[in-house]
Amino acid sequence: MNIVVEPSDYVMRNVGDMAMLRADIGRMAARWPNGRIDVLTDDPEGLIRLAPGVTPVSSRGRAVWLENEGRKRFGRIGRRLLQPLQDWLRVARPGIWLRAKRLMLRRRGDTTALVELERFHSMIAQADLVIVTGMGGITDAFPGYAAGVLNTLALAIHEKRYTAMVGQGFGPLRQPRLRALARAVLPRLDLIAVREERASVPLLLSLGVSSDRIFVTGDDALETAYALRSDRLGDHIGINLRISDYSAIGTSTLPALQTALRKIARRSGAEFVPVPISHAPGEADLASIRLLIDDVHASATEGSDGPEAVMRRVHRCRVVVTGSYHAAVFALANGVPAVGLAGSHYYEDKFKGLSTLFGDGCRTVMIDEPDLAGRLEQTIEQQFARAEELRPAILKEAEREIGLGRTAFARLADSAEARARTRAFRAERGALPHVVGAARRPLTASDSAYSRSNDATV
């Protein structure tokens, strides 16, 4: 099996995305120990540290594929006319777009870009499986990234590769152009595994995706965190805060959050345990956590830049209060109740999606509603007091979702293998001299049985 992986994190700066990527690669490596797993990345060394055995592939060829022509040579009006046409060609007529890109790059004499483009196209065209690993990237919050993923999938569909997305959270998706792009691509995928059913499933159905191609599996990082779980609850309060445009949480919310947290800490005697997820510049969680609980020292988070290290930090916690989705996922996999801080529809969908699956194990506090400090204090206190009571149900749900994830991956792998066998069989028949004029050769019983069984599987 030749596998191409489109990951969420090209630069290894988000431990949640890294955890999902490693879990998905682990499943693929176990299923296909002799397979080749090509992963698009801008940090090959970081990727190899995370997942030894994969092949890092530069994302430059993908960037060439996605780049519109004429941005510098034409005026504003020309660009406005050309961009929609080029966007349409990439999705509706990828073969024409490829030929046009080759021609334009040759005319410019850009040999380097041409070589990168050919490598990228060849990798996709020769893949048995093109898979997008866990993310919450198909959303209005990241329109450029979402369009890039969908365009990559459109090329794979054009080349008749088996295509899948796993561990996905979709939406919100209201921008007309992005929604139209999703409607053009997503229904043609072979399998989509989503991590929650509250928002993602209705959105996919509204875009025309058939229900028999949608699987609800929970988050792919659950399995790793569950395997590392502690046999008892901790005594402290895990803390994460995501200050960013897409979280809609800013520094103006800090006083109310601090008031609630300090009251709970004084009554319970609990310490604060930083649980940083993102290390990306401009949205690094540790910087936000320091603003919130200004006693975070470097030693307090030493070694917490990898998925397993952060998962183990949750072992010290009785409850985790978080503005980051994956801090809640790591907590729930360990049987620790979570409180999600949501300031945007994007994070509301994430945390309420977890609540749909884990019930009272995950509670959501909306930032923009009145009396934030009072509501947050009450919610944390309830989760802290009920932690032992909630733990068995939380762990049982984590086990159920892990099973669903394994089942969906087995379905994906069986179908991808069947298509690869069918393709290889047809290629072999086409390559053998005695099959020239095969339409005149009667099919044998074994030929017919093979064809029927594989058509049914696919």
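The values are calculated or read from the model by the stated rules, or taken from the named source; none is laboratory data. Keep in mind that what you see is a predicted model, and the values were worked out from it rather than measured. We place every Cβ from the backbone using ideal geometry, glycine too, and count neighbours over all the protein chains shown. Surface accessibility is based on the protein's heavy atoms, side chains included, excluding ligands, DNA and RNA. Shrake-Rupley method; radii C 1.70, N 1.55, O 1.52, S 1.80 Å.
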**Request:** Report, to the nearest 10°, how far helix 111-125 tilts away from the longest principal axis of the Cα atoms in the chain, using its own Cα long axis and a range of 0 to 90°.
**Result:** 90 degrees
**Request:** Quick one: compute a quarter of the convex hull surface over the Cα atoms of the stretch 327-417 and quote it in nm².
**Result:** 6.7 nm²
**Prompt:** Using a cut-off of 17 Å between alpha-carbon atoms, which aspartates and glutamates can reach residue 352, once sequence neighbours fewer than 8 places away in the same chain are excluded?
**Reply:** 196, 197, 219, 360, 368, 369, 397, 401
**Complete:** Share of Cα-Cα pairs in the stretch 302-365 beyond 19 Å, whole percent, is 26 percent
**Request:** May I ask for log10 I(q)/I(0) of the stretch 261-402 at q = 0.09, 0.10, 0.14, 0.15 Å⁻¹, from a Debye sum over the Cα atoms as equal point scatterers with solvent left out?
**Result:** -0.25, -0.31, -0.63, -0.74
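Rounded to the nearest 0.05, what FRET efficiency do residue 227 and residue 49 have when you use their Cβ-Cβ distance and R0 = 30 Å?
Details: r = 20 Å, r/R0 = 0.66.
After rounding to 0.05, the efficiency reads 0.95.
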**Asked** In Å, what Rg and Dmax follow from the Cα atoms of the stretch 134-176?
**Response** 11.0, 30
**Asked** For the stretch 96-222, what class follows from the C-alpha gyration tensor (a ≥ b ≥ c being the square roots of its eigenvalues): rounded when a/c is under 1.5, otherwise prolate if a/b is larger than b/c, else oblate?
**Response** prolate
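What net charge do the residues around residue 89 carry, taking every other residue with its C-beta under 11 Å from that of residue 89, with Lys and Arg at +1 and Asp and Glu at -1? Before the final figure, lay out each step's value.
Details: positive: 90, 93, 99, 101; negative: 69, 87.
Cβ neighbours under 11 Å give a net charge of +2.
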**Prompt:** Size of the chain along its principal axes in angstrom, Cα-based, largest extent first?
**Reply:** 84, 60, 40
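What number comes out for the charge environment of residue 404, summing +1 per Lys or Arg and -1 per Asp or Glu over other residues with Cβ under 14 Å away? Spell out each step's value before the answer.
Numbers: positive: 27, 195, 396, 400, 406, 411; negative: 196, 197, 219, 220, 223, 397, 399, 401.
Spelling it out: positives minus negatives among the neighbours equals -2.
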**Complete:** With every protein chain in place, the accessible area of residue 326 for a 1.4 Å probe, in Å² rounded to the nearest 10, comes to 10 Å²
**Asked** Once both axes come from the Cα atoms, what is the angle between helix 254-268 and the longest principal axis of the chain, in degrees from 0 to 90, rounded to 10?
**Response** 60 degrees
**Message:** What do you get for the angle between helix 76-92 and the principal long axis of the chain? Use alpha-carbon atoms, 0 to 90 degrees, nearest ten.
**Reply:** 80 degrees
**Item:** the chain: calculated mean residue ellipticity at 222 nm from DSSP helix runs of at least 4, using -39500 (n - 2.57)
**Value:** -17000 deg cm²/dmol
**Message:** Can you give me the distance in nm between label points at residue 126 and residue 429, each placed 7 Å from the Cα along the Cα-to-Cβ direction?
**Reply:** 2.5 nm
**For the stretch 185-272, the spread of Cα positions along each principal axis, largest first, Å** = 54, 38, 17
**Asked** How many times 2.2 N^0.38 Å is the alpha carbon radius of gyration of the stretch 1-120?
**Response** 1.28
